[in-house]
Amino acid sequence: MVSGPKVKRMDAASVLVAACLLFALAFLLLLPAGCTAPPRATSAATTDQMLTLLMPTRIEVVKPSTRVRSLSGSGKPEVLELLVRGYTLLENPGALLVGQVRVELFGYQPASANNKGPRITLWEVPLDTQEQQLRFWNPVIQMYEFQLGIEAGAIPPAEKYVLAVAYNTPLGQHLTDEIIFDLHSSAGGVTLTQPKGR
């Protein structure tokens, strides 16, 4: 009878150690597949380029919805309801405005390249905090809604006015828009009408 090589049997502890070593080896082999590269450090110029895609590059006074109202029924202008929309670099509407919006009402100066006469009143609306954003931002229509109080007698009678809105982005870009409108007071209230072509 020919005897073969003797096979040494492993005890339970040896089997457990071998299994742990195989598991550790498999884990180390698969580890690189699940890892992600560390985030790249971006330069200030690259960060500014990325922020430019998110920041508004144009603002618009939404003409059909901007109006002057008389809340008390006196027929006198008491509140300016103003809708402003921001657009991104890709012309997507709904960009958030962070900082401060400046609204100015001017008299109308005909036969002038500027059209702005003397300033009648000024409003500055801060948009620095989450609370302020929630107060003025309308997520349904993706615009800012401002209700700006008008002091009694602040708007002198005139045929036309210029409403100008300005905003400086956190990146230092100065954005503006304006409309020319007529203001008609009557017993039924106040009507704001944009001239044709504006």
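Laboratory data are not the source of any read-out in this text; all were calculated from the coordinates shown. It should be emphasised that the depicted structure is a prediction, and the values quoted were computed from it without experimental measurement. Positions of Cβ are backbone-derived with ideal geometry, glycine not excepted, and every protein chain shown enters the neighbour counts.
Here are a few things to note about the model shown:
- Per-pair calculated FRET efficiency, R0 = 35 Å: Thr46 and Gln147 via Cβ, rounded to 0.05: 0.30
- The mean sequence distance of close C-alpha pairs (under 8 Å, at least 6 residues apart), as a share of the length of region 39-87, puts its relative contact order at 36 percent.
- Eigenvalues of the alpha-carbon gyration tensor of region 56-193, scaled by 5 and square-rooted, set the equivalent ellipsoid semi-axes at 26, 18, 13 angstrom, largest first.
- The distance between label points at Leu54 and Leu122 comes to 3.1 nm (points 7 Å beyond Cα on the Cα→Cβ vector).
- Projected label distance in nm at Gln109 and Lys63, using a 7 Å step from Cα toward the beta-carbon: 2.3 nm
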